[in-house]
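Readers should treat all values here as calculations from the given coordinates under stated rules, not as data from a laboratory. Fair warning: this is a prediction, and the values are worked out from it, not measured in the lab. Don't worry about glycine lacking a Cβ; one is built from the backbone with ideal geometry, like all the others, and counts go over all protein chains shown.
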Amino acid sequence: MSLDLLPALGASVLNLRATSGRPVLREVDPAKVRSSSDCASFILLPFSNRVRDARFEFAGRAVQLRVTTKDGLTQHGDVRNRPWRVREQGSAHLICDFDSRAFADMNWPWAFTASVEYRLHGPHLDTSLTLTNVDTAAMPAGLGLHPYFARRHDGQDPTLALDAALTYDTDERSLPSHEARPVRPEEDYRRPTRLGERQPDQVYTAWDGVACLDWGMRGLTLTADNVFSHAVLFAAPDGSLALEPVSHATDALNLAGRGVVGADLRVLAPGQSLAGAVRLTLDGRW
């Protein structure tokens, strides 16, 4: 494979292609990229997905973040549109670092550092993330990746296999309020299921860290470390499919404070790190 990256824009993935030139992630026109949302994949740190009304309480402290969405939320952390520093680069790998202390306007009240390593080898792309608390106080933490995949290849709709037993009910802003519940038949991808006309927007948990997309002649497998206890499945407006391995439920910053079991919000002591890796593997004729 070949991988195009944008260290100056969140260390995001611009394009990932097989040696044939076929896009593995959704194809991106570089001339149309204005933010990481226009990329093929971006990084979620120091939390993933949405925060209700951009505020939460932690350790007796009320935290108000800046609103970043039209419906009054903050979303997807605050590293994906900021420059990362290239630490090491080779023909098949790139390591970038991020330090929140370099930015006076961070939308997060704790100091942290992060690193990402992208590594190509054979039919695999490995992406490794590390988040470290460099503050003097404990901080809540989460991480994830937000890759977009094409829904169709050569006119063929894929099947999805996602061995996840639980999902969340959500409100009109895609925010959960209760613990995850067992999946219903129309939400169940534990056996390979044709996506067809489905337009999912759901967060799954109790999954085995493996998801497979199969177009018949070709397929790919996403394998995530155990820290990625949740998977977001989202039909994007451009027709692509986001399949996001993340370490906690949507709005876990508030769910955890309310005692909702299974939200999986982590807490890092000063100097402590949270880390995990995700592998994409090509199968078939790319």
Original post:
With charges only on Cβ, +1 for K and R and -1 for D and E, what is the dipole size of the stretch 195-286 about its Cα centre, in debye, rounded to 20?
Top reply: 160 debye
Subject >> Cα→Cβ-extended label distance, 7 Å offset, between D225 and A102, nm >> reply: 2.2 nm
Original post:
With r defined as the distance between the Cβ atoms of D29 and S273 and R0 fixed at 51 Å, what FRET efficiency is calculated, to the nearest 0.05?
Top reply: 0.90
**OP:** Name the longest site-free stretch of the chain, where the excluded sites are GluC sites (Glu not before Pro) in a DSSP loop with no more than 10 other beta-carbon atoms within 10 Å.
**Re:** 1-171
**OP:** For R55 and V67, compute 0.36 nm times the residue count separating them, minus their Cα-Cα distance, and round to one decimal in nm.
**Re:** 3.4 nm
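So if I average 1/r over every pair of distinct C-alpha atoms in the chain and take the inverse, what Kirkwood radius in Å does that give?
Hydrodynamic radius (Kirkwood, Cα pairs) of the chain is 19.2 Å.
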Original post:
Considering the chain as a Gaussian network with a 10 Å cut-off on Cα pairs, which listed residue, V63, V134, V267, attains the greatest mean-square fluctuation?
Top reply: V63
Subject >> Shape parameters for the stretch 100-214, alpha-carbon atoms, Rg then Dmax in Å >> reply: 18.3, 54
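Compute the signed sum of charges (Lys and Arg +1, Asp and Glu -1) over the other residues within less than 15 Å, Cβ to Cβ, of V227.
On the way: positive: R266, R279; negative: D126, D208, D225, E244, D264.
With Lys, Arg at +1 and Asp, Glu at -1, the neighbours total -3.
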**OP:** Rank T221, L241, V63 by how far each Cα sits towards the positive end of the charge dipole of the stretch 2-284 (+1 on Lys, Arg Cβ; -1 on Asp, Glu Cβ) and give me just the farthest.
**Re:** V63
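Can you compute the charge dipole magnitude of the stretch 128-193 about its Cα centre, using +1 on each Lys and Arg Cβ and -1 on each Asp and Glu Cβ, nothing else charged? Give it in debye, rounded to the nearest 20. Working shown, then result.
On the way: 7 positive and 11 negative charges, 36 e Å.
Charge dipole, the stretch 128-193, about its Cα centre: 180 debye, nearest 20.
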**OP:** Send over the Kirkwood Rh of the stretch 142-273, from the inverse of the averaged 1/r over different Cα pairs, rounded to one decimal Å.
**Re:** 15.4 Å
Original post:
By how many nm would the segment from D4 to D154 grow when fully extended, if each residue of separation counts as 0.36 nm and the alpha-carbon distance is taken off?
Top reply: 51.7 nm
**OP:** On each of the three principal axes of the Cα atoms of the stretch 173-238, give max minus min coordinate, whole Å, ordered largest first.
**Re:** 41, 29, 24
Subject >> Backbone N under 14 Å from the T281 label point (7 Å along Cα→Cβ), restricted to the stretch 177-217 >> reply: 209-213
Subject >> Net charge dipole size for the stretch 2-284 [Lys, Arg +1 and Asp, Glu -1 on Cβ; Debye, nearest 20] >> reply: 340 debye
Original post:
Is it possible to state the helix-based mean residue ellipticity at 222 nm for the chain, with each DSSP H run of 4+ residues giving -39500 (n - 2.57), the sum divided by total residues, to the nearest 500 deg cm²/dmol? What is it?
Top reply: 0 deg cm²/dmol
**OP:** Mind jotting down the distance between the C-alpha centroids of the stretch 249-284 and the stretch 198-219, whole Å?
**Re:** 19 Å
**OP:** Measure out, as a whole number of angstrom, how far apart the alpha-carbon centroids of the stretch 23-68 and the stretch 94-143 sit.
**Re:** 13 Å
